[in-house]
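This report concerns only the one structure given below.
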Amino acid sequence: MHEVLLDDECGGELIELTPRCPKCRSPRVESRHLARRFGGAIGAIVGTTGGVAAALAGAEIGFLGGPIGALLGVTAGVVIDGIVGGAAGCAAGSRLGDGIDRNILHNRLCRDCGHAFSDRA
């Protein structure tokens, strides 16, 4: 990781953009993204389930058009709605999890001393 310093316009101070461990000052820091990964997984599961349920509910109406049309409609609807629902749920869950990572959890981990900390120090 390279150290980047910017000149602050207000006070003339140098601002360091490279995250450093507040305990040992090591630049070997990694982001854990625990809530983002968990939120994305849960969102994908819920979104896929919701998409499949909506497709099956629509298939009940499709049975009025005949069994062959209903079967093809259900198959296409389940696949398409499941994929779209899963992608939308994953995106929403990841965004929510990212907010939790940044504001609540200790998202950074020092690879030298093992100290976990957040950016909001």
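The values are calculated or read from the model by the stated rules, or taken from the named source; none is laboratory data. The model shown is predicted, which means the values in this text are computed figures rather than measured ones. Here the Cβ positions follow ideal geometry from the backbone for every residue, glycine too, while neighbour counts run over all protein chains shown.
A few remarks follow.
- Test for Ala59: is it without any contact (Cβ under 8 Å) to a residue 40 or more places away in the chain and in contact with an Asp or Glu (Cβ under 9 Å, 6 or more places away or on another chain): no
- Residues located in the stretch 16-51, provided they are within 17 Å of Arg102 (Cβ to Cβ), of a type outside the set (Val, Ile, Thr) and in contact with a strand residue (DSSP E or B) (Cβ under 8 Å, 6 or more places away or on another chain): Leu17, Pro19, Pro22, Glu30, Ser31, Arg32
- Across the stretch 69-121, the qualifying residues are those that are without any contact (Cβ under 8 Å) to a residue 24 or more places away in the chain and among the hydroxyl-bearing types (Ser, Thr, Tyr), and the one among them that is surrounded by the fewest Cβ atoms within 10 Å (Cβ to Cβ) is Thr75.
- Lone unmet requirement of (1) exposed (fewer than 14 other Cβ atoms within 10 Å of the Cβ); (2) of a type outside the set (Val, Ile, Thr); (3) assigned to a helix (DSSP H, G or I); (4) modelled with pLDDT of 90 or more for Glu30: (3)
Here is a yes/no grid of residues against (1) over 28 Å from Asn107 (Cβ atoms); (2) at pLDDT 75 or above; (3) among the small types (Gly, Ala, Ser):
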{"site": "Cys10", "(1), (2), (3)": "no, no, no"}
{"site": "Pro19", "(1), (2), (3)": "no, yes, no"}
{"site": "Ser26", "(1), (2), (3)": "no, yes, yes"}
{"site": "Leu34", "(1), (2), (3)": "no, yes, no"}
{"site": "Ala44", "(1), (2), (3)": "no, yes, yes"}
{"site": "Thr49", "(1), (2), (3)": "yes, yes, no"}
{"site": "Ala53", "(1), (2), (3)": "yes, yes, yes"}
{"site": "Phe63", "(1), (2), (3)": "yes, no, no"}
